[in-house]
Amino acid sequence: MPGSGTPRSHPRGWFAATEYSHQAGHAFTLSNALMLAGAIVELVPQMDRLAEVVQRHASIGLRMLQDVSRRLGETESRLATIFSADGSSRLADYLPSLPAVTTTQHVLGVVLPLAKKDIASQLDTIRESISRQLRSLSEARVIVQGRENRITLLDIDALSELSSAL
């Protein structure tokens, strides 16, 4: 495929690249499906072409539906958390939901994926509150804050108890 290998670089456009990828025996991975789902907005005027591709390749439509369903479930969960819990509970629920990383002591750790102000916005609070709650959890020996937004989760049960206040 010419260009960088992305569907947008294909001379005949996104759908041609999708067809090329599928016909060439390339697996239609979840990342490809996510790219497809993300492109739907710009494809609305070409919905008939999207329907045609999905009809020919049901796996594409299934992956799109799975992704939309997953995102909807995550959004519902976030909204329920925001409307029914205080900031501490929301943070206690958020930390274990992050992808885990193994620390040198073989305990569970996470890396904050966003700046504290953005996490605060996501959890419907303010940055200062997030900082205070993290400091409080550190003082209680529930977590250890490290460098580069790394947090070691020392007491998962305590976080669960806090988040169960939802």
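Bear in mind that the values in this text are calculations on the coordinates, not laboratory data. Keep in mind that what you see is a predicted model, and the values were worked out from it rather than measured. Here the Cβ is made from the backbone with ideal geometry for all residues, glycine too, and neighbour counts use every protein chain on show.
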* Counting only residues 5 or more places away or on other chains, whose amide H sits under 5 Å from the amide H of Ile143 once H atoms are built in the peptide plane? -> Ser138, Leu154
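Among Ile143, Ile126, which comes first, second and so on when ranked by fewest other beta-carbon atoms within 10 Å? Can you show the working numbers first?
Details: Ile143 25, Ile126 14.
So the ranking, lowest neighbour count to highest, is Ile126, Ile143.
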* Considering amide H positions built from the backbone, and no H for Pro or chain starts, which residues 5 or more places from Leu108, or on another chain, come under 5 Å of its amide H? -> Leu153
* Asked: Can you give the FRET efficiency for Thr102 and Glu128, using 1/(1 + (r/R0)^6), R0 = 41 Å, r = Cβ-Cβ distance, to the nearest 0.05?
  -> 0.85
